Each structure stands twice: as C-alpha cells, then as structure tokens.
Amino acid sequence: DRPPPAHGRAWWSPRRWLPEPRRAVAGVLACTVTVAVLIVPWIVRNQREVGVLAPITTQGGFVLAGIYSSEVTDLQTSDWGGWDVILVLEELFGAPDEATVDARLRQRARAWITSHPREAAWLVALHAVRYLDTYWAMDDRMDTQTPTGSRMLNGVVVASWWLVAALAIVGLVRLRRAGALWPWVPALATWLVFLASGLLLAAATRYRAPSEPVVVALAALVLGGWRAPERSEP
C-alpha cells in the first residue's frame, strides 16, 4: 500500500516534513565523512604546530573573552553587543605563545560567564538584535561602520534586509501550509546553526552572510509568485 499523501498527515508528524529515513541517514553520513576529510588533517596540523589539541582553531579564547565582557553590555556605547578588543590585546601582549593566550582567555571567559549569568543572557539578547539587524541606530552604525561608513548606504542595506527577511517569512509560511517544507530542512538547519553561532558567539552580520542565500531563496518564492501545486483527487 502507498503511504497517505503529505497533506493528509498531522502537521506534527515527522513524515510530513522530513525526507525518507534512508535518505536522511545517507545524507547525514555523507556530510559527516566530508567534514571529517576536511577537518582531521587540520587537527593534526594544529597539534604539530602549537603542541596542544586544537580541533578547529586557537582563536576560541579571543572570541569568547572579547564577546563575554562587561564592557560591551552598555547600550550607551556604540559597541554594545560587540567585542572587547582592549581586554583581548592586554592578554595577548602578556602571553608567551598563541596556545597559552588562547587557554588564558578561555578560562577568563568561562569565569566571567559563571559569575555574571544575567549579563551573559543580556549579551545573547544583544547578539540577537545585532545578528538579525533588528535595530536602526544609524549613529552607532556610523561609529562602528556597521555595515559601512556611509549613512545612506547603511539605511539602504538595513531596509533591504528587513524587506527580504519579511518576504522570506511569508515564503516559509506558504511552504508549511502546502506541506512542501521538508526539502528545505537541510537549508533551514544550516541557517539555524549559523543563528546559534551568532547568538552565542560573534554577532557581526558578516558571520550571517553564508546563510543569507537561504533567506533570499525563500523570499524568491514570494517574488516569483510560487503557489502549491494543485493536488488531483484520487
């Protein structure tokens, strides 16, 4: 017997949104192998070069300590939700090597987060505002050149992002209502991974850029007048 059509399943049913299990497992395995082939040689190289296990980078401490700092929690400054470069440089100039300064900064970041849980949560909220560009604040943008040093270009960039994002939400709703969302699951998962990285770590919009094609593609559905195909009655 053939399975019932997707539109006849409850919206919470995984089979309505996800690909067939075998295809899903095969895709995950293929991605895992590809990532391993790309990353493992880098891990070996880092071990030989810096003498410590550094699976991806020795910059984690620089990011964490700069991001999670009391200096970037104040909305009265233009670098709110940004990166405390002074803190990082002070630690950098006093360390004998890159691996040491990375370890020191990681420890410093963990200690700050542990002792300032409310401020850490506040920073995550500020990261969301910056990452998703849900603010105007042209004076702050000019001070930090986010995204450019031109007030006019900044206004155009922010307004265009808001427009495309709104269209993408409409496209997502249309796909969901049509029961045609499951082919988009890998793309949406990728976008969510970048979102999580932006909220917890660096919130600059340049880190959002690799995931923006997903938003543009969803908006294109609306601009192109996409509609769910008509389903013939059995």
Next on the checklist: Helix-only estimate, please: 222 nm mean residue ellipticity of the chain, summing -39500 (n - 2.57) across DSSP H runs of length 4 or more and dividing by its residues, to the nearest 500.
Outcome noted: -20500 deg cm²/dmol
Checklist entry - Of the residues L201, L87, L126, which exhibits the maximal mean-square fluctuation in a Gaussian network model of the chain defined by a 10 Å Cα contact cut-off? => result L87
Item to check | For the chain, with +1 on Lys and Arg beta carbons and -1 on Asp and Glu, the positive-most of T146, Y135, G81 along the dipole | outcome: Y135
Next on the checklist: Out of the chymotrypsin sites (Phe, Trp or Tyr not before Pro) in the range 78-177, which ones are loop residues according to DSSP with at most 13 other C-beta atoms within 10 Å?
Outcome noted: W136
Next on the checklist: How many angstrom lie between the Cα centre of the range 155-187 and the Cα centre of the range 51-85?
Outcome noted: 31
Checklist entry - If contacts are Cα pairs under 8 angstrom and at least 6 residues apart, what is the relative contact order of the range 74-150 in percent? => result 37
Checklist entry - Once you sort the root eigenvalues of the Cα gyration tensor of the range 153-230 as a ≥ b ≥ c, which label holds: rounded (a/c under 1.5), prolate (a/b larger than b/c) or oblate (the other case)? => result oblate
Next on the checklist: Of the listed values (1) 19.4; (2) 18.7; (3) 21.1, identify the label whose number matches Kirkwood radius over Cα pairs in Å calculated from this model.
Outcome noted: (3)
Checklist entry - Ranked highest first by the average count of other Cβ atoms within 10 Å around their residues, in what order do 31-41, 189-199, 165-175 fall? => result 165-175, 189-199, 31-41
Checklist entry - Listing M152, M142 from the residue with the fewest other Cβ atoms within 10 Å to the one with the most, what is the order? => result M152, M142
Item to check | Relative contact order (percent, whole number), the chain, Cα cutoff 8 Å, 6+ residue spacing | outcome: 20
Item to check | ³J(HN,Hα) computed for each position of the range 175-184 - Karplus, 6.51 cos²θ - 1.76 cosθ + 1.60, integer Hz, glycine/proline x | outcome: 4, 5, 5, 7, x, 10, 7, 4, x, 8
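Just so you know, all these numbers are worked out from the coordinates, no wet-lab data involved. Every value quoted in this text rests on a predicted model; they were computed, and no experiment measured them. Backbone-built Cβ (ideal geometry, glycine too); neighbour counts: all protein chains shown.
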